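Structure, as structure tokens:
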């Protein structure tokens, strides 16, 4: 009787093992046919058997489970988390290589899903997916940076601060190699997503002169954002401490110094702002962008003449600096409001009439002074980078030409406006 009983138990185990393998094969078959929904249903049914599976069957089951939940072009965060957990369990097993590749695929799927969320301004979901992508691939700290950026966009400043501080602790710089080559047809330098793409373009001779450049460090932006978040919380002291700490670790980082200057500007500590910007100029005296930023800062402070001087210096270093031309034109036109208000306040006496004519000519003088700068701003914009801005500039110039009675120029600008509007 004893022998017979043991035989029955052995037979039962044999049937159980057979059932387990059959379940796993059914999942694998569904995956092979692309029926991932069916595969997930089968995984759920087989899950109850996992506690009694032998090691080999369990590993086969986990791989099938991971593949079922990963699917193809699957962007469902819950599914991707299940897939990642299964792949993680397989690390160190005979499927270690498949597990590593699987985790990479999960990360790519998470990123693609986060991009969709970002494009629809679902920042909270994007933050969660990007943070998960970083947790699955710790070497890719850039994902944590993007998670923080999306948190800022979603106004979740506590989460952003948490991730920014984490990045600071990791000494993240975000510096990467960028790949460029010159288009053989247009003779314009173009950026490529990878070295492989760039090299293929050079090999096929559509591009020439391959070059590599380093991107700017993101430390300055991160330190600035940390400081701004602290400032929004009413903690200026912590804001300055965060900036000082970042500067102490990277004393020669120009982006950090510029960020510190911007913080002083936000705090309206004008002496410190100017002193810090002078420090930037000492390190990089021929950078037109620095003078442009100085111009923006002086404009914020209401110092129009100083702002224009800095914009002019930026233009002398880069004669195609569209934004600098635009801002000078805008500053000149900013005086129009006061003239119009004074014109509107006049009465109907002869003296008032004479004064009106003087003011009218003064207004035209502003238009004549501003027009060349706005023309240069439009000329140096391709329209591709910001068509709406080109349209705005064109409309402003059209109005100016009409006021000045320059009919031919107004007609030409009207045609340009119609072309730009047609492109929108």
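The values are calculated or read from the model by the stated rules, or taken from the named source; none is laboratory data. For clarity, every value in this text was computed on a predicted model and none was experimentally measured. Every residue, glycine among them, receives a Cβ derived from its backbone with ideal geometry; neighbour counts consider all protein chains shown.
Kindly check whether there is at least one residue in the range 260-269 that is over 27 Å from the mean Cα position of the chain (by Cα) and more than 21 Å from residue 219 (Cα to Cα). Explain how you work it out, then say what you get.
We begin by selecting, within the range 260-269, every residue over 27 Å from the mean Cα position of the chain (by Cα); these are 268-269.
Applying the additional criterion that residues be more than 21 Å from residue 219 (Cα to Cα) yields 268-269.
Yes, the conditions are met somewhere in the range 260-269.
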- Odd one out for residue 274 among (1) more than 26 Å from the chain's Cα centre (by Cα); (2) loosely packed, with under 15 Cβ neighbours inside 10 Å: (2)
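For a quick check of your reading: which helices (runs of 4 or more DSSP H) sit entirely within the range 295-396 and have at least 1 residues that are without any contact (Cβ under 8 Å) to a residue 40 or more places away in the chain and loosely packed, with under 14 Cβ neighbours inside 10 Å? So that I can check it myself, show each step before the final result.
Numbers: elements: 304-317, 322-333, 336-344, 350-379.
Those helices (runs of 4 or more DSSP H) span 304-317, 336-344, 350-379.
Among the listed residues 229, 263, which satisfies the condition of being touching a helix residue (DSSP H, G or I) at 6+ places or on another chain (Cβ under 7 Å), surrounded by 14 or more Cβ atoms within 10 Å (Cβ to Cβ) and either at pLDDT 90 or above or in a loop (DSSP other than H, G, I, E, B) (or both)? Outline the logic, then answer.
Values: 263 fails: either at pLDDT 90 or above or in a loop (DSSP other than H, G, I, E, B) (or both).
The unique qualifying residue is 229.
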- When (1) at negative phi; (2) exposed (fewer than 14 other Cβ atoms within 10 Å of the Cβ) are applied to residue 73, the one that fails is (1)
- Message: I'd like to know if the range 28-35 contains one or more residues that are at pLDDT below 85, part of a helix (DSSP H, G or I) and surrounded by fewer than 20 Cβ atoms within 10 Å (Cβ to Cβ).
- Response: no
- Query: Out of all the residues in the range 56-64, is one or more over 28 Å from residue 134 (Cα atoms) and at pLDDT 85 or above?
  - Reply: yes
- Residue list for the range 246-260, filter: free of Cβ contacts under 8 Å to residues at least 12 places away in the same chain and part of a helix (DSSP H, G or I): 248
